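Reviewing the structure listed below.
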Amino acid sequence: QVAQITYPGEKAWDGQKIKVVTERAVMERCNGKWTITEVAPGINLQTDVLQHMDFAPDISKDLVVMDRKIFL
């Protein structure tokens, strides 16, 4: 659960690309749509991410797993 929103993405300028990085996934918002582009190693997208969201984002057709090194 998010405790604080420091930049409300829905208020972004038209065409501005926003990237949100969490310990589980990376999402981008462009032209009013959220898309999950990366997931952390060992994360189940459905049970560890999507089930905890209040909306259904798009899933990138080029979805990748984050580099394990960033978690060391």
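For the reader, a short list of remarks on this structure follows.
- Among the residues making up segment 45-72, those that are among the acidic types (Asp, Glu) and exposed (fewer than 14 other Cβ atoms within 10 Å of the Cβ) are 54, 58, 62, 67.
- Checked against the criterion of being under 22 Å from residue 6 (Cα atoms) and either outside any loop (DSSP other than H, G, I, E, B) or touching a Phe, Trp or Tyr at 6+ places or on another chain (Cβ under 6 Å) (or both), the candidates 49, 64 yield just one match: 49.
- Residue match in segment 22-42 (condition: open to solvent by 100 Å² or more (accessible area, probe 1.4 Å) and at pLDDT 90 or above): yes
- Residue 46 being modelled with pLDDT under 95 and of a type in the set (S, T, N, Q): no
The values are calculated or read from the model by the stated rules, or taken from the named source; none is laboratory data. All values derive from a computational prediction rather than experimental measurement. All Cβ positions, glycine included, derive from the backbone under ideal geometry; neighbour counts span all protein chains shown. Just so you know, the surface numbers come from the protein's heavy atoms only, side chains and all, with ligands and any DNA or RNA stripped out. Shrake-Rupley method; radii C 1.70, N 1.55, O 1.52, S 1.80 Å.
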